[in-house]
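Input: a single structure, listed below in structure tokens.
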Amino acid sequence: MNVSYRWLKALAPAIQGTPQEVADRLALLGAPVDEIVDLGAGIGGVVVARVTDVRPHPNADKLRICTVDAGAGEPLQVVCGAPNVEAGRFYPFAPVGATLPGGLAIKKAKLRGEASEGMLCSARELGLGRDHAGLMTLAGEYALGTSFRDALELDDARLVVDVTPNRPELLSHVGVAREAAPGGAEDVHLPSFPNAPTTFPQIVSAGATGSLPSAGVEIVIEDVAGCPRYMAAVVRGVKVGASPEWLATRLRAVGVRPINNVVDATNFVLLELGQPLHAFDLAKLRGGQVRIRRASPDEKFTTLDGTERTLLATDLMIADGERSVGIAGVMGGENSEVGDDTTDLLIECALFDPLSVRKTSRRLGLSTDASYRFERGVDPEGQALATRRVCDLIVSVAGGRVEEVVDLNPTPFQRPRISLRPRRVEKLLGVYLPTTEIGELLRSIGFGVEGDGGSADAMLEDGGDAAGAGDGALTVSVPGFRPDVTGEIDLIEEIARRRGYESFAEELRPFRPSEVPDDALVAVERRVREVFVARGFLEARTAAFAPEAGNTLRLLNPLSAEEGFLRSSLAPGLLRRVEHNFAHGVRDVRLFSVGTVFAAGGAGEMREEMRFAAVLTGASRPASWTGEAPPLDTWDLKGLMEELSAEFPQGAVQPGEWDALAPVTDPSVRFRLVSAGDLVGGGGLVAPAAVDAPAWAAPVFVVEARMPAKLADRRGVLYRELPVFPASERDMALLVPLAVASAEVEAAIRESAGPLLEAVFPFDLYEGKGIPDGTRSLAWRLRFRTPDRTLTDAEVDKSVQRVLAALQDRHGIARR
């Protein structure tokens, strides 16, 4: 939303500070300003000049030679290519030596053999808009040679406010002023227009059908759901022409190109109040009717931009008695637009269903200032004020008189009413706020507050709980321009926002944890994340949108043509992240993701499924002075899957294929993850064709599985104190037959060593010279300890002898 600083000050003179200070305040209130544009920057040397003569260029058909009076005495010759230059009109003029926005320095030059001493400027060249079709024509009378910036009051700044979709009231200057003003709504006042009418016709209220007798027009709402309210006013005797410079300046300040006084008036009120309006040429409406209806199938309609569009039966239209004259909430049509010969107007001020406007606008690829606001929600209480405001402005700038106003309101808006407990405010914000302060904070931004809350304050002081006290709760009515406020928690957020987040203490106050247990799936996701993070993985949050390959659910309204489907697997998205890392020279990648995948169900339904997936490639351990780490291999993948399988009830890893990963894995290395006999996931080596890997990249492995419905039964973690007595260790080199596995050796050691054995592990393997045929040398380290005393050598030696005897008896293993 482009906001003019001077416009804000005109609406709320109490706003103090520089544009930057106002932007800082808006940011603290949840409306950050992305950019501040100094509208007068770079045009200090531009002056107001008058073209006194225009003649053809002798050497160029599209150029003209203009005589320009810039108030400096001698007239100047300027070569100009603009089609709208006219003798006797005022224009912004950049003399020789001036510099325009963008750094263009004006020099004396020759164009096709004719001298040019300066430049007549368009709005775009001055940085005041996008219009580059012709010169910026100035309405009114000016002293020649005066500063263009001062003459048009361009000592202004444009604030580009970042408005979130849930705050449609900030798409207006009044809404922003209400936020920025110290006193809020009480500081905002609508300035009167010069020569505006002092009286206004009585508004005739009706249901879904009403008439404008003097205009002979009957208005009918055929689709009440699509148009809950429609106001129309007749203005006769207008004279369409250029807008006065104050109005044009207001529009240019926010980047809107002035068109004519009638259209500019509707745009002004839209930007001031946030209510879209439309002016029809009353003489062009046929059949004595205006009907709000759905379009006919395959109906053709030409909009104001000159484009013929094909409509659907779901599109809401504005029609007269014979044809459509506008797409409701989006754009009017050529067949009823206001022109230079228009004298009588029908002003439309309507409330359209946001979803209907959004669907039509997106399908037609036609986004306008009106549709942008209707899609987010227009104030259902603001139509009467907007109608009065635009009629006053039209009469002020175009003359005429307002004859009749009709208000079709078949479903009147009722303000939602929310009960607000002061005790709840204190619990959530951590500070006590008197109910009087709560009421003032909410009223300052347009909410209605009922109830003095006296008994609630008394209960709070006594330590009681006002949550259940009906006389202690405030009743808050929500204004129509705040559709995002639907519950008590929203009101508390507004109180905090308006009071200022910086006013609350930074330290953590005492609190009571929730007694509501987490959903089982939350615990499962937390545990899966712990497994991956413990192994050095980083979580990647990839979008649910994917290319067509392998995906079948097409999006009706994709964000991009490249990702127009819902993903059916997490692995491809992670592999694209691996490619992104490879492209930036990153060799070691460990990523995991937890998210939803989608598949088509029966009878046109869609199925969703929570899964986790991971990709790993590169070195198996961090770099060290001991040498380069080997790359990750199949056993690392299998080890990860074994650890994950422990989180599944009766989980196990088996050789085999899982269909979901078959398109991206190599058949030579594939594993399946099963739970209680059911196939739930898989993993494997990524096939070369599935990932764009450079020559230096290590093999890439992938694993993906359905999220378990619940965790496997796990024994609680046992804690014991650290030992205070020393351990006694013994190393044994054993001659082990090749047919005996090391696991069998370890089992025999543990079973025979007795209760003093704390740990056992192998540390050396030798095969070769000096070792009898059919055997190998395995060295084991045995650690003995008892928690209550220091062991003697005799006790340890006795345990070792039992181990050696057991190994000899069971497996024929002798000490080397």
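When residues of segment 222-251 are filtered for being within 37 Å of the chain's Cα centre (by Cα) and of a type in the set (A, V, I, L, M, F, W, C), how many remain?
Residues flagged as within 37 Å of the chain's Cα centre (by Cα) and of a type in the set (A, V, I, L, M, F, W, C) within segment 222-251 amount to 9.
Could you list all residues from segment 268-295 that are β-branched (Val, Ile, Thr) and within 32 Å of the chain's Cα centre (by Cα)?
Matches in segment 268-295: 269 only.
Quick check on my filter: what residues within segment 547-560 are open to solvent by less than 100 Å² (accessible area, probe 1.4 Å) and more than 23 Å from residue 664 (Cα to Cα)?
The answer is 555, 557, 558, 560.
Output the residues belonging to segment 45-96 that are within 46 Å of the chain's Cα centre (by Cα) and farther than 25 Å from residue 242 by Cα.
45, 95
Name every residue in segment 607-649 that is open to solvent by 60 Å² or more (accessible area, probe 1.4 Å) and within 35 Å of the chain's Cα centre (by Cα), in order of residue number.
Those that are open to solvent by 60 Å² or more (accessible area, probe 1.4 Å) and within 35 Å of the chain's Cα centre (by Cα): 607, 608.
Only one of these conditions is not met by residue 656: (1) modelled with pLDDT of 90 or more; (2) more than 30 Å from residue 585 (Cα to Cα); (3) open to solvent by less than 50 Å² (accessible area, probe 1.4 Å); (4) under 40 Å from the mean Cα position of the chain (by Cα). Which number is it?
In the conditions (1) modelled with pLDDT of 90 or more; (2) more than 30 Å from residue 585 (Cα to Cα); (3) open to solvent by less than 50 Å² (accessible area, probe 1.4 Å); (4) under 40 Å from the mean Cα position of the chain (by Cα), residue 656 misses (4) alone.
Pick out, from segment 6-117, the strands (runs of 3 or more DSSP E) lying fully within it that include 3 or more residues that are under 30 Å from residue 181 (Cβ atoms) and in contact with a strand residue (DSSP E or B) (Cβ under 7 Å, 6 or more places away or on another chain).
33-38
When residues of segment 761-816 are filtered for being in contact with a helix residue (DSSP H, G or I) (Cβ under 6 Å, 6 or more places away or on another chain) and assigned to a helix (DSSP H, G or I), how many remain?
Residues that pass the stated criteria total 6.
Return the only residue of 303, 360, 343 being under 11 Å from residue 280 (Cα atoms), surrounded by 15 or more Cβ atoms within 10 Å (Cβ to Cβ) and β-branched (Val, Ile, Thr).
Of 303, 360, 343, the one residue that is under 11 Å from residue 280 (Cα atoms), surrounded by 15 or more Cβ atoms within 10 Å (Cβ to Cβ) and β-branched (Val, Ile, Thr) is 343.
For a quick check of your reading of the model, give me the residue pairs whose first member lies in segment 567-591 and is at positive phi, whose second is open to solvent by 10 Å² or more (accessible area, probe 1.4 Å) and at pLDDT 95 or above, with beta-carbon atoms closer than 6 Å and at least 6 apart or on different chains.
If the second residue must be open to solvent by 10 Å² or more (accessible area, probe 1.4 Å) and at pLDDT 95 or above, no pairs are left.
Return the pair list, or none, for Cβ contacts closer than 7 Å from residues in segment 596-614 that are under 19 Å from residue 661 (Cβ atoms) to residues that are open to solvent by less than 30 Å² (accessible area, probe 1.4 Å) and assigned to a helix (DSSP H, G or I), at least 6 apart or on different chains.
That search, which allows pairs on different chains as well, returns 612/528; 613/571; 613/574; 614/532.
What pairs can you find where one residue is in segment 475-492 and closer than 25 Å to residue 385 by Cβ and among the acidic types (Asp, Glu), the other is surrounded by fewer than 20 Cβ atoms within 10 Å (Cβ to Cβ) and modelled with pLDDT under 95, and their Cβ atoms are less than 6 Å apart, with a gap of 6+ or different chains?
These pairs meet every condition: 484/166.
When you scan segment 585-604, do you find a residue that is open to solvent by less than 30 Å² (accessible area, probe 1.4 Å), among the hydroxyl-bearing types (Ser, Thr, Tyr) and within 29 Å of the chain's Cα centre (by Cα), even just one?
Among the residues of segment 585-604, at least one is open to solvent by less than 30 Å² (accessible area, probe 1.4 Å), among the hydroxyl-bearing types (Ser, Thr, Tyr) and within 29 Å of the chain's Cα centre (by Cα), which makes the answer yes.
Determine whether residue 159 is assigned to a strand (DSSP E or B) and either under 36 Å from the mean Cα position of the chain (by Cα) or within 20 Å of residue 45 (Cα to Cα) (or both).
Answer is yes for this residue.
Conditions (1) part of a strand (DSSP E or B); (2) under 26 Å from the mean Cα position of the chain (by Cα); (3) at negative phi, marked per residue:
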position: 515; (1), (2), (3): no, no, yes
position: 528; (1), (2), (3): no, no, yes
position: 542; (1), (2), (3): no, yes, yes
position: 550; (1), (2), (3): no, no, no
position: 557; (1), (2), (3): no, yes, yes
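Listed here are the residues, each with its yes/no results for (1) more than 24 Å from residue 337 (Cβ to Cβ); (2) buried (at least 16 other Cβ atoms within 10 Å of the Cβ); (3) out of contact with any helix residue (DSSP H, G or I) (no Cβ under 9 Å at 6 or more places or on another chain); (4) free of Cβ contacts under 8 Å to residues at least 12 places away in the same chain.
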| position | (1), (2), (3), (4) |
| --- | --- |
| 365 | no, no, yes, yes |
| 376 | yes, yes, no, no |
| 408 | no, yes, yes, no |
| 418 | yes, yes, no, no |
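Here is a check on your reading of the model: is residue 3 open to solvent by less than 70 Å² (accessible area, probe 1.4 Å), outside any loop (DSSP other than H, G, I, E, B), β-branched (Val, Ile, Thr) and in contact with a helix residue (DSSP H, G or I) (Cβ under 7 Å, 6 or more places away or on another chain)?
So residue 3 fits the description; yes.
Select, from 70, 49, 60, the only residue that is in contact (Cβ under 8 Å) with a residue 40 or more places away in the chain and surrounded by fewer than 20 Cβ atoms within 10 Å (Cβ to Cβ).
60
Output the number of residues of segment 718-768 satisfying the condition of being open to solvent by 80 Å² or more (accessible area, probe 1.4 Å) and at pLDDT below 90.
5
Among residues belonging to segment 255-267 that are open to solvent by less than 10 Å² (accessible area, probe 1.4 Å) and not β-branched (Val, Ile, Thr), point out the one that is farthest from the chain's Cα centre (by Cα).
It comes out as 261.
Please tell me if residue 458 is assigned to a helix (DSSP H, G or I) and either modelled with pLDDT of 90 or more or more than 19 Å from residue 164 (Cα to Cα) (or both).
yes
Restrict the check to segment 237-254 and report whether at least one residue is modelled with pLDDT of 95 or more and open to solvent by 30 Å² or more (accessible area, probe 1.4 Å).
yes
From the list 96, 78, exactly one residue is of a type in the set (A, V, I, L, M), over 18 Å from residue 133 (Cβ atoms) and at pLDDT 95 or above. Which is it?
After applying the criteria, what remains is 78.
Cβ-Cβ under 8 Å, sequence separation 6+ or interchain: first residue in segment 787-816 and at positive phi, partner open to solvent by less than 70 Å² (accessible area, probe 1.4 Å) and in a strand (DSSP E or B). Which pairs?
Every condition considered, the pairs that remain are 812/737.
Do we have residue 568 as surrounded by 15 or more Cβ atoms within 10 Å (Cβ to Cβ) and hydroxyl-bearing (Ser, Thr, Tyr) here?
Criteria met by residue 568.
The values are calculated or read from the model by the stated rules, or taken from the named source; none is laboratory data. Keep in mind it's a predicted model, so treat the numbers as computed, not measured. In this analysis, Cβ positions are derived from the backbone assuming ideal geometry, glycine residues included, and neighbour counts consider all displayed protein chains. Note: areas computed on protein heavy atoms with side chains; ligands, DNA, RNA excluded. Shrake-Rupley method; radii C 1.70, N 1.55, O 1.52, S 1.80 Å.
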